[in-house]
Amino acid sequence: MLFGIKKATFKLKGYEDFVSVRAKIETSLPGMKQLYLVANWKSNKTIDEARDWILQIQFREKPDTAHVILCAPFTVLSVLKTEIEERKLPISLGAETVSTYPDGAYTGEISASMLKGLVEYVIIGHSERRRYFHETDEELTKKAEEAQKNGLKIIYCVEGLTQPIPEGVTMVLYEPKSAIGSGTNENSEISNTMCEELSKKNHGIPVLYGGSVTEKTIHEYVAAPSISGVGVGGASLNPEQFMMIIDAASWI
């Protein structure tokens, strides 16, 4: 029993069985919540690799409870946008970071206005940006302000309750230090408590869990009442593995 939901094992002979079982589970739950699945490719994939990945993504049906967001490097966003639109895939596109500055003489920077029309979402404050690029809370607030001015939806990352969250963010991604890139995910009950507290402190906005999520562990988090989805790093690089995560989240 996990968060009041009984776990069961099903032997599925085909996709028809999968749909049938999912329908039974959905009707047995006390109301299905909106889930967000955020893939973060980090510094991975060339243009050809990105195109190959998106061409392997096959939705049997549109996810009815899971909103899929693909956050990718700047260099591959255009090709991904083209493929997503041409194939009418139920995927929203996002950037992995954004400049603190507006348009102007800031060589190498990608401003929020440059991303407008290309992506819908942007990640701000990821733990790796804080750790390796020493981004401060003040800088992250400026990024959030630039994103909001240009109509971008913000996925704001924090490692705990003490880090401030700017007003107007769309969702929060809770990523405990111990779980990021370690291969070891945090206990889902601890994560649920943290997500509940973060949501309460920030006007009830959705809070996601991020940290070593795979198709084998996702059920622990999407079943938790205060977790509104997950951030997926390494497991999102393999299209087959990521589709397994989407399928799992869509019927649990």
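The values are calculated or read from the model by the stated rules, or taken from the named source; none is laboratory data. Everything numeric here is computed off the predicted structure, so don't read it as measured data. Counting neighbours? That spans all protein chains shown, and the Cβs are built from the backbone with ideal geometry, glycine included.
Annotations for the structure displayed:
- Test: residue in segment 187-194 that is over 15 Å from the mean Cα position of the chain (by Cα), assigned to a loop (DSSP other than H, G, I, E, B) and surrounded by 16 or more Cβ atoms within 10 Å (Cβ to Cβ): no
- Residues that are of a type in the set (Val, Ile, Thr), in contact with a Cys (Cβ under 9 Å, 6 or more places away or on another chain) and outside any loop (DSSP other than H, G, I, E, B), drawn from segment 195-241: Val207
- Selection status of Glu220, within 19 Å of Ser127 (Cβ to Cβ), touching a Ser or Thr at 6+ places or on another chain (Cβ under 9 Å) and at pLDDT below 95: no
- Taking the criterion of being more than 21 Å from Lys62 (Cα to Cα), surrounded by fewer than 21 Cβ atoms within 10 Å (Cβ to Cβ) and charged (D, E, K, R), the only residue of segment 204-252 that qualifies is Lys216.
- Residue check for Ala249: touching a residue at least 12 places away in the same chain (Cβ under 8 Å) and closer than 20 Å to Leu93 by Cβ: yes
- Any hit, segment 109-119, residues being surrounded by fewer than 22 Cβ atoms within 10 Å (Cβ to Cβ), hydroxyl-bearing (Ser, Thr, Tyr) and modelled with pLDDT of 95 or more: yes
- Sole residue being over 25 Å from Gly204 (Cβ atoms) and in contact (Cβ under 8 Å) with a residue 12 or more places away in the chain, chosen from Ile180, Ile165: Ile180
- Some residue of segment 161-177 being surrounded by fewer than 22 Cβ atoms within 10 Å (Cβ to Cβ), within 18 Å of His67 (Cβ to Cβ) and among the charged types (D, E, K, R): no
- For segment 139-160, a residue qualifies if it is farther than 18 Å from Ser111 by Cβ and surrounded by fewer than 17 Cβ atoms within 10 Å (Cβ to Cβ), and exactly one does: Gly160.
- Residue identified as among the β-branched types (Val, Ile, Thr), touching a strand residue (DSSP E or B) at 6+ places or on another chain (Cβ under 6 Å) and not in a strand (DSSP E or B) among Ile165, Ile180: Ile165
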